Amino acid sequence: MNWCLVIAASRKPSVMPTRQSFWRNEDGAMIIFGVMLFGLMLAIGGLSFDLMRYEAHRSRLQATLDRAVLAAASLTQQNDAKTVVLDYMAKAGLADYINESDINVTQGLGSQKVQATAHIHVPLHHGTMAVFTGIGSDSTTLVATANSAAQESIGNIEISMVLDVSGSMGSYSRLSNLKTAAQGFLDTVYDAAEANTVSTSIIPYATQVNAGANLLSYFQRNAGHEYSHCLNFQTADFSSTTMSLVTPYDQTVHFDPWTSWSSYYTLGDTPPWPVCGDLEQEVVNRAIMPWSTNKSALKTYIGNFVASGNTSTDVGVKWGAALLDPSLQSVVDGMIGTGDVHSALTGRPFNYDTGDAMKILIVMTDGEHTSQFYMNNYREGDSFVWTTEQGGNTHYSLWWDGEASTPVTSPTGNHSYCRGSQWYYGSCYDWEWGSNPDFWFRTYGSGDDLYYSWASTPKGGANATQETWNDLWAKIPPKYFSAGPVWDMHSLTSYERNRYTNAVSYVGSSTKDTRFDTICQAVKSQNVIVFTIGLEVPNSTHEQRLENCATSTGHYYDINNLEIGFAFSSIAAQINQLRLIQ
């Protein structure tokens, strides 16, 4: 009772609240704040769940796209790059999130760059929030975007420079300009490369290509000799970039096909125009310089070029292609073992499908193909000529059986001589010198004091040396031999006198054009990048042939003499652009 009275006594009179008192009233404030905070916590929790789903989709999309572009950008990838990317995405169940238009492929010279973008729409399952509108296409969706790019990196470069040093290059400073341009090319390429990543082979060519004694020693040869070091290729050889280290090639006979009796040559002189060049030229400026990493040595070698001879671009390209072909890997290994090639080049020439290696063939010429000469017969074995040195001159003695009308390379048995006048009358008599029926026709001297006589022994007797055909042609041009010493054996018929001249044959320009076209296609089929340079080429047909040989129209340079520097600089710039960073 008293408690109730206390309560009653404590109550104040009821008074109507004012507006100010309502504002000051804080009853229930925490409840409202708690409701708002709880709602915000639900929103953030739901959004966190949506963001986790978003990130899971984005990560999966990015990882798949990364794998796809890496596979598509590979230089060894045989399939279309866009097809590869789309196939990767489809197999991962993500085909709906990328279109062909989202893929960009950039192909360079031996390079491939692939860029791609993919989008996936992730719906918000826990409410819409306008604050996230900028992330997605609307307030109910988040868009996961994946961007990826991949480029194949070219780490190693192999170059073959096939350079024309024929006689026409000696005119109008062409050879001098070539030297400057080619040396500048080497500066540009080597200065931009890491040490020993670029290997270059220099292949100077004219009538033939001289491989040099060292390189040629790795090949099997028919009628081998060491006067010079060229090989004869058959038409079938130009269908392939390979060279055999087992099957023998015919070595080019060291002979001069041009010099005749009327030329400025006397017996005993060195034949002036051997098809393969002489050993002095070979060492200084005419042989192949294979697989070098030494820029200075390469530039010095080019600086020693001299111009002479015919034009055999087909043979130059054959050698240039071979020095890029993996069939010669064992040759590089052998030269590494002897210290002739840097040890960093182990494994070169690389296989054609090696992704981080690029092969470049540069072909430069100033003219059309001209004839290339061969010695078909009398290539090896003993001749019927003996020589001896006396009084500073070389004396030649020729053995011939007049009755049988045959040369004698093994002087045994009985032989006869028909005197010139008796030959014409159709009768022959044995002519014996003493008791020896054999005879020699001797050409005395190698200067202007030539005279001839018959004898039973060669000049020099037992000290005379029987010449092999290879040895003989290195000393006497076949035309001179037929028109001079052999002609003076008047009892011989014209056929017998000319058989040595007729042993020389040639391959003409039309055949060489076909061989050139064939080897160019063989090189390009191996994905070798081919640049061709036509320096004031006089024939539009040959210009077209050079353009067809190049990888594309943009890889052919039709230039005048003053533009050769530009051509080599442009090629060097293109090569350096391929040094991509993954």
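The values are calculated or read from the model by the stated rules, or taken from the named source; none is laboratory data. Just so we're clear, the structure is a prediction, and the values are computed from it rather than from any experiment. So basically every Cβ, Gly included, is an ideal-geometry build from the backbone, and we count neighbours across all protein chains shown. Note: accessible area is taken over every heavy atom of the protein model, side chains too, but ligands, DNA and RNA are not part of it. Shrake-Rupley method; radii C 1.70, N 1.55, O 1.52, S 1.80 Å.
Data for the structure
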{"read-out": "Residues located in the stretch 265-286, provided they are open to solvent by less than 20 Å² (accessible area, probe 1.4 Å) and farther than 25 Å from residue 175 by Cα", "value": "265, 267"}
{"read-out": "Of residues in the stretch 95-126 being open to solvent by less than 40 Å² (accessible area, probe 1.4 Å) and assigned to a loop (DSSP other than H, G, I, E, B), the one modelled with the highest pLDDT", "value": "98"}
{"read-out": "Every pair of residues 6+ apart whose Cβ atoms lie under 7 Å, when the first sits in the stretch 541-562 and is touching a residue at least 40 places away in the same chain (Cβ under 8 Å) and of a type outside the set (A, V, I, L, M, F, W, C) while the second is part of a helix (DSSP H, G or I) and surrounded by 16 or more Cβ atoms within 10 Å (Cβ to Cβ)", "value": "551/524; 561/174; 561/177"}
{"read-out": "Residue within the stretch 267-274 that is in a loop (DSSP other than H, G, I, E, B) and of a type in the set (S, T, N, Q) present", "value": "yes"}
{"read-out": "Pairs where the first residue, in the stretch 266-281, is within 14 Å of residue 230 (Cα to Cα) and the second is of a type in the set (Lys, Arg) and outside any loop (DSSP other than H, G, I, E, B), C-beta under 8 Å, 6+ apart", "value": "277/286"}
{"read-out": "Some residue of the stretch 48-63 being in a helix (DSSP H, G or I) and either at pLDDT 90 or above or in contact with a helix residue (DSSP H, G or I) (Cβ under 8 Å, 6 or more places away or on another chain) (or both)", "value": "yes"}
{"read-out": "The one condition in (1) open to solvent by less than 10 Å² (accessible area, probe 1.4 Å); (2) assigned to a loop (DSSP other than H, G, I, E, B); (3) modelled with pLDDT under 95 that residue 307 fails to fulfil", "value": "(1)"}
{"read-out": "Only listed residue being modelled with pLDDT under 90 and surrounded by fewer than 20 Cβ atoms within 10 Å (Cβ to Cβ), chosen from 382, 356, 340, 333", "value": "356"}
{"read-out": "The listed residue being assigned to a loop (DSSP other than H, G, I, E, B) and either buried (at least 16 other Cβ atoms within 10 Å of the Cβ) or at pLDDT 95 or above (or both), out of 537, 523, 530", "value": "537"}
{"read-out": "Residue match in the stretch 559-577 (condition: buried (at least 17 other Cβ atoms within 10 Å of the Cβ), of a type outside the set (A, V, I, L, M), modelled with pLDDT under 95 and in contact with a Cys (Cβ under 9 Å, 6 or more places away or on another chain))", "value": "no"}
{"read-out": "Evaluation of residue 187 against (1) in contact with a Gly (Cβ under 8 Å, 6 or more places away or on another chain); (2) open to solvent by 10 Å² or more (accessible area, probe 1.4 Å) (one fails), failing number", "value": "(1)"}
{"read-out": "Residue list for the stretch 225-245, restricted to those being open to solvent by 50 Å² or more (accessible area, probe 1.4 Å) and either among the hydroxyl-bearing types (Ser, Thr, Tyr) or assigned to a loop (DSSP other than H, G, I, E, B) (or both)", "value": "226, 227, 234, 235, 239, 242"}
{"read-out": "Matching residues, the stretch 246-264, being surrounded by 14 or more Cβ atoms within 10 Å (Cβ to Cβ), modelled with pLDDT of 80 or more and either of a type outside the set (S, T, N, Q) or out of contact with any Leu (no Cβ under 8 Å at 6 or more places or on another chain) (or both)", "value": "249, 250, 253, 254, 255, 256, 257, 258, 259, 260"}
{"read-out": "Breaking point among (1) surrounded by 17 or more Cβ atoms within 10 Å (Cβ to Cβ); (2) at pLDDT below 95, for residue 172", "value": "(1)"}
